[in-house]
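To start, the structure under review is shown below, and the notes come after it.
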Amino acid sequence: MKYAIITGGARGLGLGIVRALLEEKAVDQVAVIDLKLAPPPADIAELVHGFTADATNEQQVHAAMEAIAAKLGPHPDVLCNNAGGGEANWFETGRQEEWHSVDIWRRYVELNLNSVYLVSKEVVPRMKTGGAICNTSSIAGLLATPFLAAYAAAKAGVISYTKTLALQLGPKGIRVNAVAPGLIYTKIWEELGAALGGGPDRARMAFDHAVQTLVPLGREQTPEDIGRTVAWLCSDHAANVTGQVIAIDGGIVLGRPPLRAS
């Protein structure tokens, strides 16, 4: 039996990855590590196992991994470091002030970058040849992003560490890649959209404006879009792909979109 470990997999983008890994048969079962677990959808509930842990807490991650190994086996086949994002008040400080507080900067880095290292350090030594890792970065890690300076810096760090880890683990036959999602209306964007738009009731409007302004293809991205890419990267179809970062963003990183007729 092949199984995956996914951090932050209880909802939103993480749940999209869980579903895609199972639907594309990249793995047979999934262990979700999340600080706030939620029941998985009924159609996949028998294949998804939840473990409560803070991905930034070394002791909690170790305890969760021990419990996962006891239940699903000692050798995970896939690891998806997906936990990340931020909280509403973090986004507000980026909008209102030129500088983040040092505390908020550290929180962004702890959640979005340090968690990737901490979980990888715990899980990777248990993986065998043929294993695959996919880290969730962001297009913010590929672009200058003043409004989200700390988040963007942390996500850029994820990209750098992905490439380093790919070199380290290549001789062991373990592949490491990353995805860089674009504009997805998840809980994170609800909070970010509220900060940009001036309140929760304007969050979706702010998001739609960002899509219309920034995305050359003119449409938002979805958890399903990201999930299918992650599933491919973690499958045997991508057996010769490692150290790569794939932006699923409708073309945002290409630069300013072309003018459209009104």
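Any read-out appearing in this document is the output of simple, stated calculations on the displayed coordinates, not a laboratory observation. The structure displayed is predicted, hence computed values, not measured ones. Cβ placement follows ideal geometry from the backbone for every residue including glycine, while neighbour counts extend to all protein chains displayed.
With all pairs of separate Cα atoms included, segment 137-183 yields a Kirkwood hydrodynamic radius of 11.2 Å.
Projected over every direction and averaged, the convex hull enclosing the alpha-carbon atoms of segment 138-233 yields 7.0 nm². Using equal-weight Cα scatterers in the Debye expression, the normalised intensity of the chain in log10 at q = 0.15 Å⁻¹ is -1.07.
The gain in end-to-end length when the Gln212 to Leu47 segment is fully stretched comes to 55.6 nm, 0.36 nm per residue minus the alpha carbon separation. Around the amide H of Ile248, modelled in the peptide plane, lie the amide H atoms of Ala180, Gly182, all under 5 Å away and 5 or more residues distant in sequence or on another chain. Here the contact order of segment 1-151, divided by its residue count and restricted to Cα pairs under 8 Å and six or more residues apart, works out to 25 percent.
Mean separation of Cα pairs under 8 Å and 6 or more residues apart, divided by the residue count, gives segment 65-169 a relative contact order of 35 percent. 3J(HN,Hα) along segment 166-181: 4, 5, 5, 9, x, x, 8, x, 10, 9, 9, 9, 9, 10, 10, x Hz, from the Karplus curve 6.51 cos²θ - 1.76 cosθ + 1.60 with θ = phi - 60°, whole Hz, x for Gly and Pro. Here the Karplus relation 6.51 cos²θ - 1.76 cosθ + 1.60, evaluated at θ = phi - 60°, turns the backbone of segment 55-72 into coupling constants of 5, 9, 10, 4, 5, 5, 5, 4, 4, 5, 5, 4, 5, 5, 4, 5, 8, 10 Hz, with x for every Gly and Pro.
Counting other Cβ atoms within 10 Å as a rough exposure proxy, the listed residues Lys36, Lys121 run Lys36, Lys121 from fewest neighbours to most. Pairs exceeding 28 Å between alpha-carbon atoms, taken from Lys128/Lys163; Lys2/Lys187; Lys128/Lys187; Lys36/Lys172: Lys2/Lys187; Lys128/Lys187; Lys36/Lys172. Seen against the Cα atoms of the chain and their longest principal axis, helix 223-233 is set at about 40 degrees. When Trp105, Trp99 are arranged by Cβ crowding within 10 Å, least crowded first, meaning fewest neighbours, the order is Trp99, Trp105.
Taking amide hydrogens as placed 1.01 Å from N in the peptide plane, the amide H of His49 sits under 5 Å from those of Val30, Ala31, Val32, each at least 5 positions away in sequence or on another chain. What does the charge add up to near Ile246, with Lys and Arg as +1, Asp and Glu as -1, over the other residues with Cβ less than 12 Å from its Cβ? My count for the surroundings of Ile246 gives -1. Under the criterion of Cα pairs below 8 Å and six or more residues apart, the relative contact order for the chain equals 21 percent. Expressed as a whole percent, the proportion of Cα-Cα pairs in segment 188-252 lying more than 16 Å apart is 58%.
Modelled label positions at Glu87 and Lys25, each set 7 Å beyond Cα in the direction of Cβ, lie 4.4 nm from each other. Output the Kirkwood hydrodynamic radius of segment 40-175, Cα pairs only, in Å rounded to one decimal. Final number for the Kirkwood radius of segment 40-175 is 16.3 Å. Only aspartates and glutamates eight or more places from Lys155 in sequence, or on another chain, were considered; those with a Cα closer than 12 Å are Glu110. Putting +1 on Lys and Arg Cβ atoms and -1 on Asp and Glu Cβ atoms, find which of Ala238, Ser101, Leu183 reaches farthest to the positive end of the dipole of the chain. In the chain, that residue is Ala238. Axis of helix 12-23 versus longest Cα principal axis of the chain: the two differ by about 40°, to the nearest ten degrees. The amide H of Gly9, built 1.01 Å from its N in the peptide plane, has Ile33 as neighbours under 5 Å, considering only residues 5 or more places off or on other chains. If you wrap segment 24-65 in the convex hull of its Cα atoms and look at it from every side, the mean projected area works out to 3.4 nm². The residues Lys155, Lys2, Lys187, when put in order of fewest to most other Cβ atoms within 10 Å, stand as Lys187, Lys2, Lys155. Computed 3J(HN,Hα) for segment 118-127, one whole-Hz value per residue from the Karplus formula 6.51 cos²θ - 1.76 cosθ + 1.60 where θ = phi - 60°, is 4, 5, 4, 4, 7, 8, 4, x, 8, 7, glycine and proline marked x. Compute the acute angle (0 to 90°) between the alpha-carbon long axis of helix 187-197 and the principal axis of greatest extent of the alpha-carbon atoms of the chain; round to the nearest 10°. On a 0 to 90 degree scale, this one is about 10.
I'd like the distance separating the alpha-carbon centroids of segment 215-248 and segment 1-70, in whole Å. Between the Cα centre of segment 215-248 and that of segment 1-70, the gap is 19 Å.
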